[in-house]
Amino acid sequence: MSTTTERSGGPTLPQERRLVTGIPGPASRELMARKLATVASGVGSVMPVFARRAGGGIVEDVDGNALIDFGSGIAVTSVGNSAEAVVRRATEQLALFTHTCAMVTPYEGYVEVCEELARLTPGDHPKKSILVNSGAEAVENAVKIARYHTKRQAVVVFEHGYHGRTNLTMALTAKNMPYKHGFGPFAPEVHRVPMAYPFRWLTGPDACAEEAAAMVVDRITKEIGTANTAAIVIEPLLGEGGFIVPARGFLPRLAEFAREHGIVFVADEIQTGFCRTGQWFACEDEGIVPDLITTAKGIAGGLPLAAVTGRAEIMDAAHAGGLGGTYGGNPVACAAALGAIETMRELDLPARARRIEEVMKPRLLALAEKHPLIGDVRGRGAMLAIELVRPGTKEPDAASTASVAAACHRAGLIVLTTGTYGNVLRFLPPLVIGEELLTEGLDILEAALTGL
Ligand code: PMP
């Protein structure tokens, strides 16, 4: 029987890769059989291994294999799993009360998280927030608020954009398979416009920002009508669409256009927020101050919490009772968020994310020199990716991407694929990962590419 220390994850978990069985091992196989019998098939999993504990840059499975984590549970555990301050604060709160409903008898933690959001998000104007349970719910609320405030209906979103799996957010999301296929009809008044995707821009990356922005402005002006447009909703660095960094200049132009026409500019920072890209928020990179910002994922060290934060006059537009939900801003999740934010400040996690880029990017660029399969290396901070193509072309190579990911998994490295064409390997390590694990993970990636 394992001791308490052996069971605990978080900061105490040994920071080394260890393979004691094949991947998956027998205990994971047994659990997978049970999962297949009882969990809906629509809930997939990237790797066929079941987690037992996790901390730092390691996820340990039920067979005792210790895997290097380049996924952070899809950009969530930026402060690491079971981070000390998250566990401490959430545990204290668990013992006090687990739920009263913020709409029945509110509590300080909810207010404190909103105060932190006002301090940390871009811009020094008066701000207010609402707390909800998931990223999709945050985006839904941002759209509700923008529509109420503007008394307009149209919402502008982008090619390759991803905003969630609820009905409205499916409509906002670009990619059909697997997110939308068979789940229609979708919400109306959603308009998709071009994204400034430098690697795939037809006239080349140099003109990308200007040309794409001109196309967006034209579409909104001529086809939708500025007076009908409630919101522009955009990820400042696209996540599920393939870690696309919009060409420099594109975002500021759109923000300016939105301001000129009273359109609410919504930055979806659910994946990019909370230190991931080397700044507290990715918008800061080009000095963008969004009207509304949606956050989730990294905000609470793994507990479900999400938020919409924005200009007080916009956030206050809706009538009392118009926004909310039973669990929104759960007290344990709020305590965890305060612990996560404390950790981000104490460890200066934006700097850690920049350091991860310093370690990883040169290695990825060197790999691209050697492997013509790598068409593009991109991203910022600890949100980096390589796009795989057929050598000498820009034709997406999803099959090789899946093979490289599978080889990494077998070697004990958790990596995720992404992108509209399924041909992007993305790297999202916890920001607290040690440099030795980072380097070892890159060695595994290199061996996987070489062994193709
Ligand atoms: N927006 C973005 C940019 C995301 O990356 C995600 C999740 N991948 C969402 C929205 C939806 O968040 P959730 O899965 O918490 O609903």
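Before moving on, here are some points about what is shown:
- Entry remark, the range 132-175: residues being within 13 Å of the ligand (Cβ to nearest atom) and part of a strand (DSSP E or B) number 3 in total.
- Looking only at the range 301-335, residues that are aliphatic (A, V, I, L, M) and within 16 Å of the ligand (Cβ to nearest atom) come to 6 in all.
- Any hit, the range 370-391, residues being touching a helix residue (DSSP H, G or I) at 6+ places or on another chain (Cβ under 8 Å), open to solvent by less than 60 Å² (accessible area, probe 1.4 Å), part of a helix (DSSP H, G or I) and not charged (D, E, K, R): no
- Breaking point among (1) open to solvent by less than 10 Å² (accessible area, probe 1.4 Å); (2) at pLDDT below 95, for Gly451: (1)
- Odd one out for Asp443, checked against (1) open to solvent by 30 Å² or more (accessible area, probe 1.4 Å); (2) within 24 Å of the chain's Cα centre (by Cα): (2)
- Residues (touching a helix residue (DSSP H, G or I) at 6+ places or on another chain (Cβ under 7 Å), of a type in the set (Lys, Arg) and open to solvent by 70 Å² or more (accessible area, probe 1.4 Å)) located in the range 146-181: Arg165
- Taking the listed residues Gly9, Gly64, Gly22, the one that is at positive phi and surrounded by fewer than 22 Cβ atoms within 10 Å (Cβ to Cβ) is Gly64, with no other qualifying.
- Tally of residues being in a loop (DSSP other than H, G, I, E, B) and open to solvent by 10 Å² or more (accessible area, probe 1.4 Å) across the range 322-348: 9
- Set Gly287, Gly273: member being of a type in the set (Gly, Ala, Ser) and away from the ligand (no atom under 13 Å from the Cβ): Gly287
- Of the residues making up the range 232-242, those that are surrounded by fewer than 24 Cβ atoms within 10 Å (Cβ to Cβ) and away from the ligand (no atom under 12 Å from the Cβ) number 0.
- Looking at the range 243-316, none of the strands (runs of 3 or more DSSP E) lying wholly inside it contains 3 or more residues that are polar (S, T, N, Q) and surrounded by fewer than 24 Cβ atoms within 10 Å (Cβ to Cβ).
- Residue among Arg311, Arg352, Arg380, Arg410 that is under 23 Å from Val139 (Cβ atoms) and outside the structural domain of Glu286 (by TED's automatic domain parsing): Arg380
- Hits in the range 396-435 (condition: farther than 16 Å from Ala382 by Cβ, in contact (Cβ under 8 Å) with a residue 40 or more places away in the chain and surrounded by fewer than 18 Cβ atoms within 10 Å (Cβ to Cβ)): Ser403, Arg410
Table: residues versus (1) farther than 18 Å from Thr295 by Cα; (2) of a type outside the set (Asp, Glu); (3) out of contact with any Gly (no Cβ under 7 Å at 6 or more places or on another chain).
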site: Ala90; (1), (2), (3): yes, yes, no
site: Ala95; (1), (2), (3): yes, yes, yes
site: Ala102; (1), (2), (3): yes, yes, no
site: Tyr107; (1), (2), (3): yes, yes, yes
site: Val111; (1), (2), (3): no, yes, yes
site: Glu116; (1), (2), (3): no, no, yes
site: Arg119; (1), (2), (3): no, yes, yes
site: Gly123; (1), (2), (3): no, yes, yes
site: Lys127; (1), (2), (3): no, yes, no
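- If you go through the range 116-131 and pick out every residue that is within 21 Å of Ala317 (Cβ to Cβ) and not in a loop (DSSP other than H, G, I, E, B), you end up with 7.
- Of all residues making up the range 178-205, the number that are away from the ligand (no atom under 16 Å from the Cβ) and among the aliphatic types (A, V, I, L, M): 3
The values are calculated or read from the model by the stated rules, or taken from the named source; none is laboratory data. Bear in mind that the values here come from a model prediction, so they are computed numbers and not experimental data. Using ideal geometry, Cβ is built from the backbone for each residue, glycine included, and neighbour counts are taken over all protein chains shown. Keep in mind that these areas ignore ligands, DNA and RNA; they rest on the heavy atoms of the full protein, side chains included. Shrake-Rupley method; radii C 1.70, N 1.55, O 1.52, S 1.80 Å.
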